1. Using beta carbons and a limit of 8 Å, which pairs, at least six apart or on different chains, have the first residue in the stretch 48-66 and free of Cβ contacts under 8 Å to residues at least 40 places away in the same chain and the second one open to solvent by less than 40 Å² (accessible area, probe 1.4 Å) and among the aromatic types (Phe, Trp, Tyr)?
2. If Lys205 meets every condition in (1) touching a residue at least 24 places away in the same chain (Cβ under 8 Å); (2) touching a strand residue (DSSP E or B) at 6+ places or on another chain (Cβ under 9 Å) apart from one, which number is that one?
3. Any chance you could count how many residues in the stretch 135-167 are out of contact with any Phe, Trp or Tyr (no Cβ under 8 Å at 6 or more places or on another chain), open to solvent by 30 Å² or more (accessible area, probe 1.4 Å) and free of Cβ contacts under 8 Å to residues at least 40 places away in the same chain?
4. Do any strands (runs of 3 or more DSSP E) lying entirely in the stretch 1-98 carry at least 1 residues that are more than 15 Å from Val113 (Cα to Cα), and which ones are they?
5. With Ala71, Ala76, Ala67, Ala23 as the choices, which residue is over 21 Å from Ala126 (Cβ atoms) and of a type in the set (A, V, I, L, M)?
6. Would you list the strands (runs of 3 or more DSSP E) that sit entirely within the stretch 106-155 and hold 3 or more residues that are over 17 Å from Leu33 (Cβ atoms)?
7. List the residue pairs whose Cβ atoms are under 7 Å apart, where the first residue sits in the stretch 79-102 and is touching a residue at least 12 places away in the same chain (Cβ under 8 Å) and polar (S, T, N, Q), the second is part of a loop (DSSP other than H, G, I, E, B) and open to solvent by 60 Å² or more (accessible area, probe 1.4 Å), and the two are 6 or more positions apart or on different chains.
8. Test each condition in (1) over 21 Å from Asp43 (Cα atoms); (2) modelled with pLDDT of 95 or more for Gly91 and report the one that comes out false.
Amino acid sequence: MAYSVKEIYLTLQGEGRHTGRPAVFCRFAGCNLWSGREEDRADAQCRFCDTEFVGTDGPGGGVFERAEKLAQAVAAKWPHNGARPFVVCTGGEPLLQLDEPLIEALHAEGFEVAVETNGTLSVPDAIDWVTVSPKAGTDLAQVTGDELKLVYPQAGAEPRQFEGLDFRHFMLQPMDGDKRAENTQKALAYCLAHPRWQLSLQAHKIMGIP
């Protein structure tokens, strides 16, 4: 299988439970909820996406014909200083491409493998850390994991809908855009009133890093 990757880069995780942790981001091209083209946004299942995932022209991106080649490209971004390497497979929707051979190849390079998915596709068992970010109007195929990270507010995706699912951490992340300040206050108030939820801020935007 060939893998189409938008970009590969070293950064600090900016969201969720691993905020601040050094990680290689492997961003796969393509998504099943939006084409990634602005002309299609109004008709997309997910209309608030703030990520560029079209094509393979980003830093480190390309088409990788073999899992081992992609794993080597990911490993080349990690500073070899003794810490266990950490890779976040994201998108778009990474599970359109992320498969067992690639997970095995990343493990062979020593990586702890995390995935950030919209949850409409099942996650392979070998993944080390599973983050599901549900989108309104979609059916969840992945209802267990390490972290449920809900962009808030979303009409039709209220936090109470997900509290019965089997996740270790429940994170509420203010929706970005022209109402970000207002949404942050709403998310903060919700977390204070419902302590099962923790606030997740997009720290990478505050720090000005990818």
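1. Cys49/Trp34
2. Only one criterion is unmet by Lys205, namely (2).
3. Residues in the stretch 135-167 being out of contact with any Phe, Trp or Tyr (no Cβ under 8 Å at 6 or more places or on another chain), open to solvent by 30 Å² or more (accessible area, probe 1.4 Å) and free of Cβ contacts under 8 Å to residues at least 40 places away in the same chain: 13 in total.
4. 3-12, 62-64
5. Matching residue, one of Ala71, Ala76, Ala67, Ala23: Ala76.
6. Details: elements: 112-117, 129-132, 144-152.
The qualifying strands (runs of 3 or more DSSP E) are 112-117, 144-152.
7. Note: no pairs meet the criteria.
8. So the condition that Gly91 fails would be (1).
The values are calculated or read from the model by the stated rules, or taken from the named source; none is laboratory data. None of the values given here were measured: they were computed from a predicted structure. As a convention, Cβ positions derive from the backbone with ideal geometry for all residues, glycine included, and neighbour counts pool all protein chains shown. Ligands, DNA and RNA are excluded from the accessible area calculation, which covers all protein heavy atoms including side chains. Shrake-Rupley method; radii C 1.70, N 1.55, O 1.52, S 1.80 Å.
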